[in-house]
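What follows is calculated from the coordinates using simple rules that are stated; it is not laboratory data. Here the structure is a predicted model, which means the values were calculated and not measured. Cβ sites come from the backbone with ideal geometry, for glycine too, and all protein chains shown count toward neighbours.
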Amino acid sequence: MDQRKGRRLVLFPLPLQGHISPMLQLANILHSQGFTITIIHTSFNSPNPSSHPHLTFHFIQENLSASEASTDDLVAFVSLLNTKCLVPFRDCLAKLLADVEEEPIACLISDAMLPFTQAVADSLKLPRIVLRTGGASSFVVFAAFPLLKERGYFPIQDSKGQEPVVELPPLKIKDLPVINTRDPETLYEIVNGMVDGAKVSSGIIWNTFEDLEESALATLRQQFSIPIFPIGPFHICIPASPSSLLTQDQSCIAWLDKQAPKSVIYVSFGSIAAVSEAEFLEIAWGLANCKLPFLWVVRPGLTRGSDCLEPLPSGFMEMVDGRGHLVKWAPQQEVLAHPAVGAFWTHNGWNSTLESICEGIPMICMPCFTDQKVNARYVSDVWKVGLQLENGLKREEIEKTIRRVMVEKQGEEIRSRIFRLKEKANHSWKQGRSSFESINSLVTHILSLETFTFHTQ
Ligand code: UDP
């Protein structure tokens, strides 16, 4: 092996919507910095290479069966990916490294939730940088899992949900980032694997910005002895590139065009979260009873055990009569940027949270699992740019919360706070500001990494 510097990067995303989008955004940011980008991707949930002609794609055959490719138990799914991708990923990366016709590879950038890639990179003498697609504040909580476990917080007891996590203010026990799974021990393994894998990597990239998560980033800088690069929000620094796995229904934009400014509640719970049929009905009645216009994403699979619109109460569409518009999947960033949108009822996935902040749209928070719970607590109690549905999904509570955000004084205060945060987000990418400087440091760091050309003979 001999040492050569390269400007080619290999990126490997976790194949879920909320992870693929930021990885492709990062690919575009790094491409604009003069790097050549190769993406290794699973065959499951594969993006369309023709939408990204400036990137090179290699697809691996991880051979997930139909039942294994289900995200019903996310913990089992991620665990399986970390096992099944190992051999095809290593073979693919080794082949890329051995190709002497191509520019040398400077490093691998892989999703933090694919920690198996650290051992692969080590065995091929290639540095690995991690992309964490979630926020820094929730990562601080994940990094504290061993301590929290030792202190008896897990498994979470519902009766203690309202009690504070004294080690991590302002979190309550119910905000701890867990998820229902058949095998809770595997959840702790995945979280610890993600944190430990990040600790021994050559650096962590965050889709966040200093002004938003200064304190969490400072904590991580103290706890981790590797460089940390908060270079977000990714989507404001590069033109949008199509990365949606589902077809976005553009009809809602024409519908929004007909609505009054800031009058519409946009409702979407992301690509994975699901609700029970009873909860779905409470959401529907809450929206109907609040008497305000709404745009609601009813994704196939949103209601557990149902395919799409069947569980709507009979006569619902007639009752909301033009005031409600339903789509299976929306062009979310375009929707949030539309002047008619006044609030976002969200599950607080990190991408949705950031997208709402970047457009200055107040949030109604309904976190479902993992980091969404931490994000929601920060939205409501730290940044104070949204309200949580704290007392379960009940139609009266929903109606009251929507009205507080949309028409009451509290909503106005929230709106002015999130507007200030929006300005900070947009500033972070200006010359001399934090994310701009951080990308410069990242580029310098990548070019300084020691890398070796891999010879097969
Ligand atoms: N999204 C979209 N259309 C929709 C709902 C969501 O394009 O109807 C996008 C949204 O803009 C975001 C991503 O899907 O970028 C969801 O990521 P997030 O982290 O918010 O949630 P997840 O789907 O990972 O739970």
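Using the crude model of +1 on Lys and Arg Cβ and -1 on Asp and Glu Cβ, and no other charge, please compute the dipole size for the chain relative to its Cα centre, in debye to 20.
880 debye
Using only Cα atoms and rounding to the nearest 10 degrees, what angle (0 to 90) does helix 210-223 make with the longest principal axis of the chain?
Here the helix axis deviates by roughly 50 degrees.
Which length gain, in nm to one decimal place, applies between S215 and Q410 when the Cα-Cα distance is subtracted from 0.36 nm times their residue separation?
67.6 nm
Give me M194, M317 ranked fewest to most by other Cβ atoms within 10 Å of their Cβ, as a rough exposure proxy.
Ordered from fewest to most neighbouring Cβ atoms within 10 Å, M194, M317 come out as M317, M194.
Quote to one decimal, in nm, the extra length available between E423 and K262 on full extension: 0.36 nm per residue of separation minus the C-alpha distance between them.
Additional length available on full extension: 56.1 nm.
Could you tell me, in Å, what Rg and Dmax come out for the Cα atoms of segment 1-126?
Cα radius of gyration and Dmax of segment 1-126 are 14.4, 46 Å respectively.
With respect to the cross-link table entries K384/K409; K328/K400; K373/K409; K291/K422; K172/K373, which display a Cα-Cα separation exceeding 20 Å?
K328/K400; K373/K409; K291/K422
Rounded to the nearest Å, what's the spacing between the alpha carbon centres of segment 103-127 and segment 310-369? Just the number, please.
Segment 103-127 and segment 310-369 have Cα centres separated by 37 Å.
Could you give the spread of the C-alpha atoms of the chain along their three principal axes, from largest to smallest, in whole angstroms?
Taking the Cα atoms of the chain, the three principal extents are 72, 50, 49 Å.
Could you please report the charge total around L292, scoring K, R as +1 and D, E as -1 over all other residues with beta-carbon less than 11 angstrom from its beta-carbon?
+3
Does anyone have the angle between helix 395-406 and the longest principal axis of the chain? Alpha-carbon axes, 0 to 90°, nearest 10?
80 degrees
Quick check: pseudo-label points 7 Å beyond the Cα along Cα→Cβ at R151 and K394, how many nm apart are they?
The two pseudo-label positions are separated by 3.1 nm.
How far, in degrees from 0 to 90, does helix 86-98 lean away from the longest principal axis of the Cα atoms of the chain, to the nearest 10?
Computed tilt is about 50 degrees.
Compute the length gained on full extension between Q250 and D183: take 0.36 nm times their separation in residues and subtract their Cα-Cα distance, giving the result in nm to one decimal.
20.1 nm
Cβ under 10 Å from R304's Cβ, R304 left aside: what net charge do those residues give with Lys, Arg +1 and Asp, Glu -1?
Here the charged neighbours net out to -3.
In whole Å, how far is the Cα centre of segment 409-432 from that of segment 236-268?
For segment 409-432 versus segment 236-268, the Cα centre distance is 20 Å.
I want to verify the translational diffusion coefficient of segment 169-284 in µm²/s; compute it with Stokes-Einstein, Rh as the Kirkwood radius over Cα pairs, at 4 °C and 1.567 mPa s.
In µm²/s, the coefficient rounds to 68.
Among the lysines, which fall within straight-line cross-link reach of K84, defined as a Cα-Cα distance under 26 Å, with same-chain neighbours fewer than 8 residues apart omitted?
K95, K125, K199
For E282, what is the net charge nearby, where nearby means another residue's Cβ is under 11 Å from its Cβ and Lys, Arg count +1, Asp, Glu -1?
After counting each charged neighbour, the total is -3.
Using the charge dipole of the chain (Lys, Arg: +1 at Cβ; Asp, Glu: -1 at Cβ; taken about the Cα centre), state which of A27, I446, V382 has its Cα farthest towards the positive end.
V382
Can you work out the PRE-style zone for A240? Point 7 Å along Cα to Cβ, and I want the residues of segment 278-297 with backbone N under 20 Å.
Residues 294-297 qualify, since their backbone N sits under 20 Å from the label point.
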